[in-house]
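Below you'll find the structure, written out as structure tokens, and then a few comments.
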Amino acid sequence: MIDLVPAARRTGALVAGITDRQLGQPTPCPKYSLGDLLDHVDGLAQAFTNAATKRFPAGSGPSPSGDAGRLEDGWRTRIPNRLLAMAEAWHDPAAWQGATAAGGAELPGEIAGLVALNETMVHGWDIARATRQPYDVEAEPAEQCIRVMGPRPGEERPVGDDVAFGRPVEVDADASPLDRLVATMGRDPLWAAP
């Protein structure tokens with residue numbers, strides 16, 4: 001089991017510091033404005049809480065793409081609270097066992113927990129970069145995500161508008177675990193908000 005709480009708290013703190021003026025800003029996710037990304041994070045927090053508890057409310061199928069137009073009032077507190085609830089749901093050892101589902105895909109609980117952690121850390125980095133806030137993660141959880149979520153030798157990742165992550169980006173061997181993680185997910189660790 002991995003503790004998702006530190007990553008959830010960090011990402012939640014970033015969300016709480018965002019102003020309305022920033023919602024239209026670009027992010028390292030080319031198709032997402034900051035508002036779109038926040039809506040996506042809100043949805044994934046709920047989806048991975050459901051995955052941990054293995055309780056799926058009616059109509060809880062695949063999450064739609066992020067859309068800033070769906071952000072409801074109170075998002076600055078709701079999203080951090082949902083991230084923390086998601087992380088706490090993964091404290092239950094049963095969450096990591098058996099099969100579950102998230103985003104319309106069935107997967108083993110142990111993989112779903114790592115996907116939840118990966119999404120939280122990588123999108124935390126996305127939010128931090130888009131808003132120029134400081135951000136870091138612990139080395140070991142980042143390394144675990146790289147091992148599980150990264151491409152396998154010889155694997156060719158699809159690219160295009162309909163894929164979540166791009167091709168891995170080359171980084172120096174001595175790059176930080178966070179830089180290597182975001183690079184594995186197809187982001188340029190040097191990306192900066194304009």
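The values are calculated or read from the model by the stated rules, or taken from the named source; none is laboratory data. Since this is a predicted model, take the numbers as computed values, not measurements. No Cβ is skipped: glycine too gets one built from the backbone with ideal geometry, and neighbour counts run over all protein chains shown. Areas reflect the complete protein model, heavy atoms only, side chains present, ligands, DNA and RNA absent. Shrake-Rupley method; radii C 1.70, N 1.55, O 1.52, S 1.80 Å.
Things worth noting here:
- Taken one residue at a time, the phi angles of region 34-45 give Karplus couplings (6.51, -1.76, 1.60, θ = phi - 60°) of 4, x, 4, 5, 4, 4, 4, 5, 4, x, 5, 4 Hz. Gly and Pro are set to x.
- Residues whose amide H comes within less than 5 Å of that of A101, counting only those at least five positions distant or on another chain, are L107 (H built at 1.01 Å from N in the peptide plane).
- Model label points for R78 and A16, set 7 angstrom from Cα along the Cα-to-Cβ axis, are 1.8 nm apart.
- Alpha-carbon gyration tensor eigenvalues x 5, square-rooted, for region 1-155, Å: 24, 18, 15
- Difference of contour (0.36 nm per residue) and Cα-Cα distance, A175 to F56: 38.9 nm
- Helix-only [θ]222 nm of the chain, DSSP H runs n ≥ 4, -39500 (n - 2.57) each, per residue, nearest 500: -15000 deg cm²/dmol
- Accessible surface, the chain, averaged per residue in Å² (probe 1.4 Å): 50
- Scattering curve values for region 3-67, log₁₀ I(q)/I(0), Debye with Cα scatterers, q = 0.16 Å⁻¹: -0.63
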